[in-house]
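The values are calculated or read from the model by the stated rules, or taken from the named source; none is laboratory data. What you see is a predicted model; the values in this text were computed from it and never measured. Backbone-built Cβ (ideal geometry, glycine too); neighbour counts: all protein chains shown.
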Amino acid sequence: MDHRAVSQAERINACKSTVLQYCGGSLSPEMQAPKLLWVKENLQESWSLVCRWMDLSDWLSFRATGDDTRSLCTTVCKWTYLGHAHLELAKEKDTLSMEACGWDDDFWEEIGLGDLLDGNHGKIGRSVAFPGYPLGSGLTPTAAKELGLLAGTPVGTALIDAHAGGVGTMESVSEIESKHQVADEEAICHRMVLVCGTSTCHMAVSCNKLFIPGVWGPFWSAMMPGYWLTEGGQSATGALLDHIVGNHPAAPLIANRAASQSVSIYEILNKILESMMQERKAPFLSALTEDIHVLPDFHGNRSPIADPKSKGMICGLTLDTSEKQLALLYLATIQGIAYGTRHIVEHCNSQGHKIDTLLACGGLSKNPLYVQEHADIVDCQIVLPRESETVLLGAAILGAVAAKKYTGLHEAMRALSAAGQVIHASKEEKLKKYHEAKYRIFKSLYEQQLLQRSIMMQALQ
């Protein structure tokens, strides 16, 4: 969520490097190149002292094994490493790990970070491997002692946390009939995983590379070997709900009530909304927000607009500070987030994807109101995996692959994943019509914001 490097990202994007086409057309300030440039420009003493720059996933692997091999997931998704170039050399040498060959040296020189190329890319990764590749000799004696495990326990090349959730979730739908009868190897391409936490990542894979403006990727083998990954996202979802609820005058009272009942504040808000629907004789719960509309870009828009300067907007505020008003604002915020997901899904499908099923994991997927609103608004069934902690499951799958319990990542995913509850979209026509209207308003809020920016820019010239 660190957006300090917005100006650095803008300067990098102005270079128009060919690597940008594999990042949705532009780098986000959340990616590593602009963050590294920010550090170099603002913390020069620290910059001169660093011997390695690493993603958290790769750092944990290094601490566990002493092996500095980086993951295709981290390097491709965040560092502009070209995984498809890595693939070509991997085929030639018949290996899953090798000297890194996917760095575009001209890009790093052009953006002012050429010193990272010293020592054959030693600071950012000399060796890169597919997820689940066995690292070193497994756990070092020191790491094994710290973790209470056996030295030599296999450790697989890591994934970014959200991508581990994708691996732990993507195949849990295999026994659920899809809307389309397709070949087995293509069935997975009709799914999108929502990893819902502080932010939300939207993961979809395809057999062919799809260039989608404003959506990260296509990333070769960054999550599943052999598939191109498309990664949409919303920079603030759980964080936004916490912000909206926590800063409302009624929040302390509801929080105290939730604590006394040993439930979350969101369970209390969900019950308030159910009561309000009955009191107002609303045709459906979603109709309670007919006068409140939220653009959830409080921390910029990651996808599909890719505008880090976008701001959040709320239309329909009053002087009411009651618990009921907070419940309505909470519901409208959930709906705004769900309209953002619909925008991402529609945009991806317009560019070649065929997504018809969503799979959800992470903390927000445990909120039934959040999940149902997404199903109704996107008009997709949502499958919840049987295993509630799918990021941990994804990490365990990597370990199982490293231990050679399975022939590959995909086989392990199928063996260790299973579907839980399935949430279906409502077929009620009035509800569909209602969400169509609110979705139009959702998109118009950003258009209004662009107009406002233009007016103010002219005023300040």
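Below are the figures for this structure:
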{"item": "Test: residue 212 is under 30 Å from residue 328 (Cα atoms) and among the β-branched types (Val, Ile, Thr)", "result": "no"}
{"item": "Set 77, 73: member being within 22 Å of residue 407 (Cβ to Cβ), assigned to a helix (DSSP H, G or I) and at pLDDT 95 or above", "result": "73"}
{"item": "Residue count, region 374-390 (criterion: in a helix (DSSP H, G or I) and surrounded by 23 or more Cβ atoms within 10 Å (Cβ to Cβ))", "result": "5"}
{"item": "Residues of region 418-447 satisfying the condition of being in a helix (DSSP H, G or I) and touching a strand residue (DSSP E or B) at 6+ places or on another chain (Cβ under 8 Å)", "result": "438, 441, 442, 445, 446"}
{"item": "In region 175-197, residue nearest to residue 59 (Cα to Cα) [restricted to those that are out of contact with any strand residue (DSSP E or B) (no Cβ under 8 Å at 6 or more places or on another chain) and either at pLDDT 95 or above or not charged (D, E, K, R) (or both)]", "result": "197"}
{"item": "Selection count, region 256-284, where residues are in contact (Cβ under 8 Å) with a residue 60 or more places away in the chain and part of a helix (DSSP H, G or I)", "result": "4"}
{"item": "Among residues of region 305-321, those that are touching a Pro at 6+ places or on another chain (Cβ under 9 Å) and of a type in the set (S, T, N, Q), counted", "result": "1"}
{"item": "Among (1) modelled with pLDDT of 95 or more; (2) surrounded by fewer than 23 Cβ atoms within 10 Å (Cβ to Cβ); (3) within 24 Å of residue 418 (Cα to Cα), the one test that residue 283 misses", "result": "(3)"}
{"item": "Cβ pairs under 9 Å, 6+ apart, first in region 28-50 and in the same structural domain as residue 12 (by TED's automatic domain parsing) and in contact (Cβ under 8 Å) with a residue 24 or more places away in the chain, second among the aliphatic types (A, V, I, L, M) and surrounded by fewer than 12 Cβ atoms within 10 Å (Cβ to Cβ)", "result": "30/1"}
{"item": "Those residues of region 18-34 which are part of a helix (DSSP H, G or I) and surrounded by 18 or more Cβ atoms within 10 Å (Cβ to Cβ), in sequence order", "result": "19, 22, 23, 32, 33, 34"}
{"item": "Matching residues, region 131-159, being in contact with a strand residue (DSSP E or B) (Cβ under 9 Å, 6 or more places away or on another chain) and among the polar types (S, T, N, Q)", "result": "153, 157"}
{"item": "Which numbered condition residue 397 fails, given (1) more than 21 Å from residue 265 (Cα to Cα); (2) within 16 Å of the chain's Cα centre (by Cα); (3) assigned to a helix (DSSP H, G or I)", "result": "(2)"}
{"item": "In region 400-417, the residues that are surrounded by 15 or more Cβ atoms within 10 Å (Cβ to Cβ), among the aliphatic types (A, V, I, L, M) and part of a helix (DSSP H, G or I)", "result": "400, 401, 402, 409, 412, 413, 416"}
{"item": "Candidates 269, 288, 295, 273, filtered to the one that is more than 30 Å from residue 448 (Cα to Cα) and either surrounded by 15 or more Cβ atoms within 10 Å (Cβ to Cβ) or not assigned by TED's automatic domain parsing to the domain that holds residue 443 (or both)", "result": "269"}
{"item": "Where residue 148 falls short, out of the listed (1) surrounded by fewer than 24 Cβ atoms within 10 Å (Cβ to Cβ); (2) at pLDDT below 95", "result": "(2)"}
{"item": "Tally of residues being under 23 Å from residue 230 (Cα atoms) and not charged (D, E, K, R) across region 269-314", "result": "10"}
{"item": "Unique match (being in contact with a Cys (Cβ under 6 Å, 6 or more places away or on another chain) and not in a helix (DSSP H, G or I)) among 226, 233, 214", "result": "233"}
{"item": "Set 337, 355, 423, 382: member being in the same structural domain as residue 239 (by TED's automatic domain parsing), within 30 Å of residue 317 (Cα to Cα), in contact (Cβ under 8 Å) with a residue 40 or more places away in the chain and of a type in the set (Val, Ile, Thr)", "result": "337"}
{"item": "Lone qualifier among 58, 2 - being acidic (Asp, Glu), farther than 19 Å from residue 109 by Cβ and part of a loop (DSSP other than H, G, I, E, B)", "result": "2"}
{"item": "Region 343-354, subset touching a helix residue (DSSP H, G or I) at 6+ places or on another chain (Cβ under 8 Å) and crowded, with 20+ Cβ neighbours inside 10 Å, residue farthest from residue 296 (Cα to Cα)", "result": "353"}
{"item": "Residue satisfying condition, being assigned to a strand (DSSP E or B) and either in contact with a helix residue (DSSP H, G or I) (Cβ under 9 Å, 6 or more places away or on another chain) or closer than 20 Å to residue 442 by Cβ (or both), within set 358, 369, 364", "result": "358"}
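Each row is one residue, and each column tells you yes or no for (1) at pLDDT 95 or above; (2) surrounded by 15 or more Cβ atoms within 10 Å (Cβ to Cβ); (3) more than 22 Å from the chain's Cα centre (by Cα).
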position: 16; (1), (2), (3): no, no, yes
position: 57; (1), (2), (3): yes, yes, no
position: 60; (1), (2), (3): yes, yes, no
position: 84; (1), (2), (3): no, yes, no
position: 88; (1), (2), (3): no, no, yes
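Quick grid of which residues meet (1) in contact (Cβ under 8 Å) with a residue 12 or more places away in the chain; (2) among the hydroxyl-bearing types (Ser, Thr, Tyr); (3) on the phi > 0 side of the Ramachandran plot; (4) touching a helix residue (DSSP H, G or I) at 6+ places or on another chain (Cβ under 6 Å):
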| site | (1), (2), (3), (4) |
| --- | --- |
| 292 | yes, no, no, yes |
| 302 | yes, no, no, no |
| 310 | yes, yes, no, no |
| 316 | yes, no, yes, no |
